[in-house]
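The values are calculated or read from the model by the stated rules, or taken from the named source; none is laboratory data. On a predicted model such as this, the values are computed, not experimentally measured, just so you know. Cβ sites come from the backbone with ideal geometry, for glycine too, and all protein chains shown count toward neighbours. In case anyone asks, the SASA skips ligands and DNA or RNA and just uses the protein heavy atoms, side chains included. Shrake-Rupley method; radii C 1.70, N 1.55, O 1.52, S 1.80 Å.
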Amino acid sequence: KREAGKIEVAEPRNKLPRPAPSLPTDPALYSGPFPFYRRPSELGCFSLDAQRQYHGDARALRYYSPPPTNGQSPNFDLRDGYPDRYQPRDEEVQERLDHLLRWLLEHRGQLEGGPGWLAGAIVTWRGHLTKLLTTPYERQEGWQLAASRFQGTLYLSEVETPAARVQRLTRPPLLRELMYMGYKFEQYMCADKPGVSPDPSGEVNTNVAFCSVLRSHLGNHPLLFSGEVDCTDPQAPSTQPPTCYVELKTSKEMHSPGQWKSFYRFRTGVDRMRTLHKLLKWWAQSFLPGVPNVVAGFRNPEGFVCSLKTFPTMEMFEYVRNDRDGWNPSVCMNFCAAFLSFAQNTVVQDDPRLVYLFSWEPGGPVTVSEHRDAPHAFLPPWYVEAVTQ
Ligand code: 0WD
Ligand code: CA
């Protein structure tokens, strides 16, 4: 009798179609208290040179060197050198996690927390985490994240969506120039050595990158991620990374530059929403690695930067705290933690050839699909083999 009963209970359950797991992204669902986020610490760094070759050192790190504050305002021509002194990175090359995996391979023996730490960690790019943080407020661009579990560790690597690919391949000339202008600003603000003035006469080569590798913890998720850092400030109160790092941004000049507050309070409509969203992205990107300051250069319609303003990362939320249309850091971090739990529970099989593809489009939930091998498998054979032997 007991056996029969058991079967009766078990059978209908097994026959029920399992609902496809998904994760909602509505901000209202994630407005709890701010979750635990461990102060990020730098584990190491690496550099990519003008040919996009990896070096396990800080050779590409640049030094923050703002113009002297002698009453004169800056006058940086961001269009100078375009397109003749521009070497853009080949965006057809999908690097996925490769550079970070190379660093990991060379340092996994010396990781703090013991050899078991990595097996419980999530490994990814900072930029992927930024996208997760801003998801509850994003209304334009979806994303796809590929996930594989290998020797316990969960690896997350972004996949370019078909829509993003079309946008990239049909990027209007003005947008291309605008991207250049962002890199040109870095060249006006950074020097190759500390205490030296910047030299904006050379080429802008976006293959060159300095990446910091950081360790942190969100909720119950140990994190190891890497992010590109624009420069270090030799004059910073603490010379210890990541607190000496500075993030550089350009933004459209406002009516009264430096008066962000009045700007966001009195402007309405599309411009204001864009500004709020931009500030959210700046915050998310710099908060994750613990970069304390974002220095913005405001460009006029002619493409000249005539004013600079420093935005401390930890003060950005104050600009929107009392705003109905504002964003909330707790929502961003709670959603990210929820996504990481969702991914940890979904990616159950430990297999570098198996990929769970998490997909999200604005207005919907995060959904999952399963794939094996090409084109989605992203852990390279050289990594899998070196770690397996
Ligand atoms: O091949 C790919 N599809 C990807 C490559 C996807 C994601 C990242 N990467 C590379 C980047 O080129 C970079 O070297 O990984 C490195 C670190 O990425 P991250 O720090 O996690 O990326 P993110 O936070 O999105 O971007 C940081 C900076 C950007 O600064 P701004 O101020 O614009 O946010 O990295 C640069 C850019 O300066 N950057 C890129 N440079 C060249 N090509 C690219 C790119 N595709 N993406 C970001
Ligand atoms: Ca930047």
**OP:** Restricting things to alpha carbons, find the Rg to Rh ratio for segment 105-149 using the Kirkwood radius for Rh.
**Re:** 1.12
Original post:
How much of the accessible area of the chain, probe 1.4 Å, is carbon plus sulfur, in whole percent?
Top reply: 51 percent
**OP:** Could you state how much accessible area Lys184 has, in square angstrom rounded to the nearest 10, with a 1.4 Å probe and all protein chains kept in place?
**Re:** 0 Å²
Original post:
Calculated from DSSP H runs of 4 or more alone, at -39500 (n - 2.57) each and per residue, what is the 222 nm mean residue ellipticity of the chain, nearest 500?
Top reply: -9000 deg cm²/dmol
Original post:
Over the alpha carbons of segment 235-389, what is the largest minus smallest coordinate on each principal axis, giving the biggest first in Å?
Top reply: 59, 41, 32
Original post:
Given springs between every Cα pair under 10 Å in a Gaussian network model of the chain, which of Ser286, Ser201, Ser148 has the largest fluctuation?
Top reply: Ser201
Subject >> Rounded to 5, percent antiparallel among DSSP beta bridges of segment 239-389 >> reply: 65 percent
**OP:** Starting from the residue with the highest accessible area, list Thr69, Thr130, Thr239, Thr310 in decreasing order, probe 1.4 Å.
**Re:** Thr69, Thr239, Thr310, Thr130
Original post:
Rolling a 1.4 angstrom probe over the protein heavy atoms, how many square angstrom per residue are accessible across segment 179-318?
Top reply: 43 Å²
**OP:** Would you mind calculating the relative contact order of segment 280-321 from Cα pairs under 8 angstrom and at least 6 residues apart, reporting the percent as a whole number?
**Re:** 38 percent
Original post:
Largest first, how would Asp373, Asp84 line up by accessible area (1.4 Å probe)?
Top reply: Asp84, Asp373
Original post:
Relative contact order for the chain: what is it in percent, counting Cα pairs under 8 Å that are at least 6 residues apart?
Top reply: 28 percent
Original post:
Rg and Dmax of segment 86-168, using alpha carbons, in Å: what are they?
Top reply: 15.3, 45
Original post:
Taking a threshold of 26 Å on the Cα-Cα distance, which of the pairs Lys193/Lys249; Lys193/Lys278; Lys193/Lys281 fall above it?
Top reply: Lys193/Lys278; Lys193/Lys281
Subject >> Compactness of the chain as Cα Rg over 2.2 N^0.38 Å, two decimals >> reply: 1.07
Original post:
What residue among Pro33, Thr310, Pro162 has its Cα farthest toward the positive end of the dipole of the chain, where the charges are +1 on Lys, Arg and -1 on Asp, Glu, each on the Cβ?
Top reply: Pro33
**OP:** At a 1.4 Å probe radius, which order do Phe317, Phe210 fall into by accessible area, largest first?
**Re:** Phe317, Phe210
Original post:
Of the beta bridges DSSP finds with both residues in the chain, what % are antiparallel, to the nearest 5?
Top reply: 75 percent
Subject >> Surface/4 of the Cα convex hull for segment 9-151, nm² >> reply: 17.3 nm²
Original post:
In the full protein assembly as shown, how much of Val291 is accessible to a 1.4 Å probe, in Å² to the nearest 10?
Top reply: 10 Å²
Subject >> Rounded, prolate or oblate (a/c below 1.5 giving rounded, otherwise prolate when a/b exceeds b/c) for segment 307-352 by Cα gyration tensor >> reply: prolate
Original post:
Around Tyr180, with a cut-off of 13 angstrom between Cβ atoms, what is the net charge of the other residues, counting Lys and Arg +1 and Asp and Glu -1?
Top reply: +1
